[in-house]
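Let me begin by presenting the structure, written as structure tokens, before commenting on it.
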Amino acid sequence: MTTVSGAFELTMDELRVVARYAAQSAQEVLPVFEGAVPGDPRPRAALDAAWEFVNGAKRTKLQRVTSVDAHRAAKETGSETARLAARSAGDAASAAYVHPIPRATQVGHILRAAASAACIAELEAGGDPAVGDMAIEQARRRASPVLIDVLSRYPLAPTGRNRVSQLMSALDASLRASV
């Protein structure tokens, strides 16, 4: 079993669990991007690269390159929901490269795709925060004990002013409370 070392160790199996969690969230919202920006394959390519890693392929430059491309696609769209969906796909691909360093920014690589998906649900419901909260609860239930164990090695998610950051902090707190 291959490990990545830093301040602590992460196994490839643990990284696959993290990438699966992010990819599941991104998979749910990819149609939002594809509906808004038909013909732009970059977020789908990132999600496909994430699934390749999740399903046992080695992590390679493919995950890094497609992640950057999906994040570029996010910046180029005028739709907030499409931007969040593309970013989720990029986050899923980059989850293969979560670093074993105790920085709160690393938590974003683990939870931001789920928080972005919750924000999309909220926006599509006319900005109803209860819808976002329900999506966060669903994301909490989907988290495996391995994911929670990996998350617990990091500091709390950074608290920000934007809604995705708020949802990510709520998800982080609820996952840590479930231990």
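The values are calculated or read from the model by the stated rules, or taken from the named source; none is laboratory data. Note that this is a predicted model, so its numbers are computed, not measured. Please note: Cβ atoms are built from the backbone with ideal geometry, for glycine as well, and neighbour counts cover all protein chains shown.
Figures for the structure shown
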quantity: Filter result for R83 (free of Cβ contacts under 8 Å to residues at least 60 places away in the same chain, basic (K, R) and crowded, with 20+ Cβ neighbours inside 10 Å); calculated: yes
quantity: Single residue of region 152-169 satisfying the filter (among the small types (G, A, S) and exposed (fewer than 14 other Cβ atoms within 10 Å of the Cβ)) that is modelled with the lowest pLDDT; calculated: G160
quantity: Qualifying residue in region 85-99 (condition: more than 16 Å from A50 (Cα to Cα) and either basic (K, R) or out of contact with any strand residue (DSSP E or B) (no Cβ under 9 Å at 6 or more places or on another chain) (or both)); calculated: no
quantity: Exclusive hit being closer than 12 Å to M168 by Cα, of a type in the set (A, V, I, L, M, F, W, C) and out of contact with any His (no Cβ under 6 Å at 6 or more places or on another chain), set A70, A139, A85, A93; calculated: A139
quantity: One residue from D172, D149, D133 being part of a helix (DSSP H, G or I), of a type outside the set (S, T, N, Q), at pLDDT 95 or above and exposed (fewer than 13 other Cβ atoms within 10 Å of the Cβ); calculated: D149
quantity: Test set (1) buried (at least 24 other Cβ atoms within 10 Å of the Cβ); (2) assigned to a loop (DSSP other than H, G, I, E, B) - G127 fails condition number; calculated: (1)
quantity: So R112, is it modelled with pLDDT of 95 or more, touching a Ser or Thr at 6+ places or on another chain (Cβ under 8 Å) and crowded, with 23+ Cβ neighbours inside 10 Å; calculated: yes
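Each row is one residue, and each column tells you yes or no for (1) under 23 Å from A7 (Cα atoms); (2) more than 15 Å from the chain's Cα centre (by Cα).
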site	(1), (2)
P129	no, yes
A139	no, no
L151	yes, no
R161	no, yes
L167	no, no
A173	yes, yes
R176	yes, yes
